[in-house]
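This report concerns only the one structure given below.
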Amino acid sequence: MTVFENIMNRRSRHKAGYFILIDPDKTSTEQLPSLLHDTISAGVDGFLVGGSLLLTPDFDSYLKTFKEFSRDIPVVIFPGGVHQLSANADAILFLSLLSGRNPHHIIGTQVVAAPIIHRLGIEPISTAYLLVESGKATSAEFMSGTIPLPRHKPEIALAHALAASYMGFKTIYLEGGSGADHSVPAQIISTISQTVDVPLIVGGGIRTPDEASEKVNAGADFIVTGNILEKNNDPAFISAFVQAIHQD
Ligand code: 1GP
């Protein structure tokens, strides 16, 4: 079974799946054992590892430690750039920034990364990455130099999602941006999920289990949270997120 099949299989057991994003610059290797223990016990479905910048010097050894504590839960690189590649992960979100009009982030970095990914033998999961306007400028917007999709124009978001589906992407990631003031509107999620049959990952600025549950009810297949667990990693809080997303 591929990692993608494994992830979809885990998702099929619940109303939606839950990914936790861990940024190596914000969570040290010393913090990993207890954080991974608590999140796995709560029932998380996968880990995304990466960030817009990477100041932590050794991504490879970070992931090696990560894999020692992640048990059978998939560990997927969520790359901020080609400097975030490692054979120690199970897979990588092979992102193309389709919401932008900067060819460097649609196909340029992908061409640089592809032979390295091939050599390392990491499974690529092709992902249409769509930034959605979310208040003040996010790191993803600034670093990519692109304009996000307008949050009150679901038809524009839908056109991008349809294009992603016709182009054969395996997933679509609707991204408000890490620490976004406003998460991706339910209206955008429901408009896309009613028409496009590609698994929808939704993240950025989701701070409460209720907010996560609203996105799931709108049609999200996977919810991602990052920042919030860096601020509050109480096991009861993590469990509340899992329940709000799984809705078993
Ligand atoms: C960012 O979607 C992720 O790429 C998660 O965002 O850190 O705001 O949860 P948060």
Relative contact order (percent) for region 90-170, with alpha-carbon contacts under 8 angstrom and 6 or more residues of separation?
-> 35 percent
GNM on the chain, C-alpha springs below 10 Å: top fluctuator among Q84, Q194, Q110?
-> Q194
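Just subtract the alpha-carbon distance of K136 and D60 from 0.36 nm times their residue separation and send over the number in nm, one decimal.
Net length gain for the segment: 24.1 nm.
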Note down the net charge around Y18, summing +1 for each Lys or Arg and -1 for each Asp or Glu among other residues with Cβ under 10 Å from its Cβ.
-> +1
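Where the only charges are on Cβ atoms (+1 Lys, Arg; -1 Asp, Glu), what is the dipole of region 65-187 about its Cα centre, to the nearest 20 debye?
Details: 8 positive and 9 negative charges, 34 e Å.
Dipole of region 65-187, to the nearest 20 debye: 160 debye.
In this model, which of K26/K64; K64/K231; K26/K231; K136/K215 are farther than 19 Å apart at the alpha-carbon? Kindly include the intermediate steps, with their values, before the conclusion.
Working: K26/K64 17 Å; K64/K231 24 Å; K26/K231 10 Å; K136/K215 21 Å.
Violating the 19 Å Cα-Cα cut-off are K64/K231; K136/K215.
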Nonlocal amide H pairs with L21, under 5 Å, H built at 1.01 Å = L48, T225, G226
Which of the aspartates and glutamates could a cross-linker span from K153 if the Cα-Cα distance has to be under 12 Å and same-chain partners fewer than 8 positions apart are dropped?
-> E133
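Can you pull out the trypsin sites (Lys or Arg not before Pro) in region 169-248 whose DSSP state is coil and whose Cβ has at most 15 other Cβ atoms within 10 Å?
Numbers: sites: K170, R207, K215, K231; in loops: K170, R207.
Counting only loop positions with at most 15 other Cβ atoms within 10 Å, the trypsin sites (Lys or Arg not before Pro) in region 169-248 are R207.
To two decimal places, what compactness ratio does the chain give when its Cα radius of gyration is scaled by 2.2 N^0.38 Å?
0.92
May I ask you to list the trypsin sites (Lys or Arg not before Pro) in region 109-164 that are in a DSSP loop and have at most 12 other Cβ atoms within 10 Å of their Cβ? Walk me through the intermediate numbers first.
On the way: sites: R119, K136, R151; in loops: K136, R151.
Qualifying residues, ordered by number: K136.
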Going through the DSSP H helices of the chain, which span 30 Å or more along their own axis at the Cα atoms while scoring at least 0.5 as a mean Kyte-Doolittle hydropathy?
-> none
Where labels lie 7 Å past Cα in the beta-carbon direction, separation of A87 and N9 in nm = 2.5 nm
Within straight-line cross-link reach of K15, aspartates and glutamates at Cα separation under 13 Å, skipping those fewer than 8 residues along the same chain | D45, E214, D221, D248
How large is ³J(HN,Hα), in whole Hz, for each residue of region 71-77 in order, when computed from phi with the Karplus curve 6.51 cos²θ - 1.76 cosθ + 1.60 and θ = phi - 60°, using x for Gly and Pro?
-> 6, 9, 7, x, 10, 10, 6
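Taken together, the values in this text are just the output of simple stated rules run on the coordinates, not laboratory data. Keep in mind the model is a prediction, meaning the values are calculated, not measured. Quick reminder, even Gly has a Cβ in these numbers, built from the backbone with ideal geometry, and neighbours come from all protein chains shown.
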